[in-house]
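Written out below as structure tokens is the structure these notes cover.
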Amino acid sequence: MSKKIVVGNWKLNPSSFEEADRIVKSLSRKKINGVTLVICPPSIYLSRLIHKKSKIVFGVQDLFYEKSGAYTGEISASMVRSVGATYAIIGHSERRNYGETNDKVSLKVKAGLESGLNVVLCVGEKERDVHGHYLSYLKAQIDESLALVNKNVLNKGSLLVAYEPVWAIGEKSSGPMDARDLHETSLFVRKVLHDKFGKKAFDIPLLYGGSVDQRFSGVLVKEGEVDGLLVGRESLRPESLYQIVESVRSTK
Ligand code: PGA
């Protein structure tokens, strides 16, 4: 698998464009080499944050599956592309919490890929149980979220899967999952993808997300055997995010 990747999911932050600009400017002064850094800010900031010469690439946290029409408040994949963003996070657990179903996620993944965006599909169980039922939950979530995706539309790295156990996300969680447990799960997710897409599954980078910080980022990638990370809170702190990028780079 090629270049590692770090995706920053800013969620509903920061509260002003000036603050967003300050974070991006501070990241732009760093030497970012050997790792793809994607920032997904609130989409209203995108067109002013994206600069052609920047090494940082940008994405959205969601998109809508229709191309145009009477869909108040929505943003299409081609609109995202037209401002120069190239990535889209789809199916984040916080959106699933508000009722986004696997069916809708699948429509969005399809629309994103067909318009030429790189799509980061988020999956992850809400809780773990000793009997391993979470694995069948995870498999169903992956299969259903990718139900409309034909392997012929996949290019190297155009679809990414972010495994984010919901219990490890956010301030209230007990922190990131153990890297050895991640390894077990990353093998499982790869197998599910292989069953669906065959050899094309090797073109799908696998990310981990959930309370990633600079203390654990390197070990999660290395021992968890993933191709990168999806970072929430720490992606709003340029210094921490840079340390995370560096730790990922040095896992090579
Ligand atoms: P967190 O969020 O790093 O703040 O736990 C991760 C995510 O929700 O993508």
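No lab work stands behind these numbers, since they all come straight from the coordinates. What you see is a predicted model; the values in this text were computed from it and never measured. All Cβ positions, glycine included, derive from the backbone under ideal geometry; neighbour counts span all protein chains shown.
Looking across segment 58-115, the residues that are surrounded by fewer than 18 Cβ atoms within 10 Å (Cβ to Cβ) and among the basic types (Lys, Arg) come down to 67, 81, 95, 104. When segment 38-71 is filtered for residues that are without any contact (Cβ under 8 Å) to a residue 60 or more places away in the chain and among the small types (Gly, Ala, Ser), the ones remaining, listed by number, are 43, 47, 54, 68, 69, 70.
Does segment 104-137 hold any residues that are on the phi > 0 side of the Ramachandran plot and touching a Lys or Arg at 6+ places or on another chain (Cβ under 7 Å), and which are they?
Passing the criteria: only 116.
Here residue 211 fulfils each of the conditions (1) outside any loop (DSSP other than H, G, I, E, B); (2) buried (at least 17 other Cβ atoms within 10 Å of the Cβ) apart from (1). When segment 1-45 is filtered for residues that are touching a Ser or Thr at 6+ places or on another chain (Cβ under 8 Å), surrounded by fewer than 21 Cβ atoms within 10 Å (Cβ to Cβ) and of a type in the set (S, T, N, Q), only 28 remains.
Among the residues making up segment 214-252, those that are within 15 Å of the ligand (Cβ to nearest atom), in a loop (DSSP other than H, G, I, E, B) and over 14 Å from the mean Cα position of the chain (by Cα) are 214, 215, 216, 237. The residues of segment 169-208 that are within 16 Å of the ligand (Cβ to nearest atom), surrounded by 18 or more Cβ atoms within 10 Å (Cβ to Cβ) and not in a helix (DSSP H, G or I), listed by number, are 169, 176, 177, 205, 206, 207, 208.
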